[in-house]
1. Which cross-chain or sequence-distant (5 or more) residues have an amide H under 5 Å from the amide H of residue 35, H modelled 1.01 Å from N in plane?
2. Can you sort 93, 330 so the residue with the fewest Cβ neighbours within 10 Å comes first?
3. With a 10 Å Cβ neighbour count serving as the proxy for reagent exposure, in which order, fewest first, do 81, 134 appear?
4. So if I take the centroid of the Cα atoms in region 306-354 and the same for region 188-214, what is the distance between those two points in Å?
5. Taking the beta-carbon count within 10 Å as an exposure proxy, list 174, 116 from fewest neighbours to most.
6. Where the only charges are on Cβ atoms (+1 Lys, Arg; -1 Asp, Glu), what is the dipole of the chain about its Cα centre, to the nearest 20 debye?
7. Starting from region 128-171, pick out the GluC sites (Glu not before Pro) whose DSSP state is loop and whose Cβ has at most 16 other Cβ atoms within 10 Å.
8. With charges set only on the Cβ (+1 for Lys and Arg, -1 for Asp and Glu), what does the dipole of region 236-354 come to about its Cα centre, in debye to the nearest 20?
Amino acid sequence: MGRVPTVDEWVARLSARDARAREEAQEALEEALGSGEAESRERTARALIQELGRPGTAAASPILFLLQRGWWPPQASLTASAVQAVLSMLPRMEAGSADLEHAALVLTLVCRVDASQLSALEGAFAHPHPSVRSAMARVVGRLGQDALPALPWVLALLDDEESVAISALESLGSLAVLAPDVAAPRLLEQVRRTDGVRLYLALVSLRGLLEELLLEERAVPSLVGLESALLRALDEPEPPIRQESVSLLGLLGPVSPVALAALRDRLRDESPFVAAGAAVALLGLGESSAEPLFLLKGQLGLASSPEVQEAALSALMSVDPARLRRAKGMLESVVGDTSGATRVTLDDLLASLD
């Protein structure tokens with residue numbers, strides 16, 4: 001048997017021309033990084049981080065992949081050097097690349113075991129490269145409670161260019177329930193003045209926040225002007241935006257006669273998902289008309305396509321059972337005419353209403 005290569009030799013082979021040599025090195029390093037031997041794990045991680053921070057390294061991609069995949073928990077002695085090495089690489093990465101995502105994941109792992117390293121990232125939130133700012137926003141959104149000191153940095157990125165603002169919105173949505181009084185007004189602002197992907201993400205995040213607060217019986221922040229902003233969004237051409245808008249209107253209660261009328265209009269939306277969402281919203285708001293029940297019953301019937309049935313089921317399953325009491329009779333009347341997965345789902349819904 002030949003001599004087993006050292007860790008440094010394996011790391012050097014990560015940038016070898018021969019594909020087989022690179023593959024063998026990656027397998028060996030992944031095994032060492034995930035081994036149960038503390039000394040072997042730390043020695044491997046240290047060698048990878050040193051190479052990552054070396055100017056001109058050609059092994060950044062495999063190293064970032066290895067670290068985000070197998071370096072858990074990161075050793076406290078290496079967290080600072082890991083942050084510096086990753087930050088030095090970020091400006092060279094393309095937005096949306098796998099390397100950028102892996103870099104963000106490595107920073108997330110480090111900050112989860114050493115929250116003090118979060119402060120080292122502050123300067124990167126103002127980095128001239130949008131890809132760096134976007135990565136920083138994603139890191140913060142994955143850290144939960146420990147990320148709250150960095151929330152102002154994320155909020156500042158909401159006014160950045162599109163790719164960065166989208167990452168910031170996603171992170172704000174992840175952290176919103178931890179700071180609802182801060183997050184809710186900023187999400188409402190996004191609903192008021194954005195469109196497209198940003199509007200959709202703001203609606204999703206705001207709906208998720210309100211659902212969580214209502215479920216936990218926590219106070220909902222004042223959201224003056226939300227109803228009018230949602231009524232505007234109901235005219236957006238993208239069905240997912242209209243669907244989120246009707247769902248949010250259903251959570252507000254009570255709403256104005258104008259909003260009730262707008263929801264009734266959406267019962268005839270070309271998208272079955274929007275129509276079903278409007279029906280469920282009206283039921284949750286105590287709408288006395290039989291029209292929402294009639295629409296849902298028709299969507300669930302055997303004559304409907306699988307997509308239409310899915311729309312009704314998705315809408316019914318997305319809300320608190322307590323808000324669906326008025327639909328119980330309709331569900332009981334239609335369940336006998338269904339079969340397969342639709343029948344199983346309806347049985348489960350009925351059981352939740354008992």
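Derivation of every value follows stated rules applied to the coordinates shown; laboratory data play no part. This structure is a prediction, so every number in the text was calculated from the model and none was measured. Counting neighbours? That spans all protein chains shown, and the Cβs are built from the backbone with ideal geometry, glycine included.
1. none
2. On the way: 93 22, 330 18.
In increasing order of surrounding Cβ atoms, one gets 330, 93.
3. Going from least to most buried by this count: 81, 134.
4. If you average the Cα positions of each part, the centres end up 27 Å apart.
5. Working: 174 20, 116 11.
Ascending Cβ contact count within 10 Å gives the list 116, 174.
6. Numbers: 32 positive and 48 negative charges, 52 e Å.
About 260 debye.
7. Numbers: sites: 161, 162, 170; in loops: 161.
Within region 128-171, the qualifying GluC sites (Glu not before Pro) (loop, at most 16 other Cβ atoms within 10 Å) are 161.
8. Values: 10 positive and 16 negative charges, 69 e Å.
So the dipole magnitude of region 236-354 works out to roughly 340 debye.
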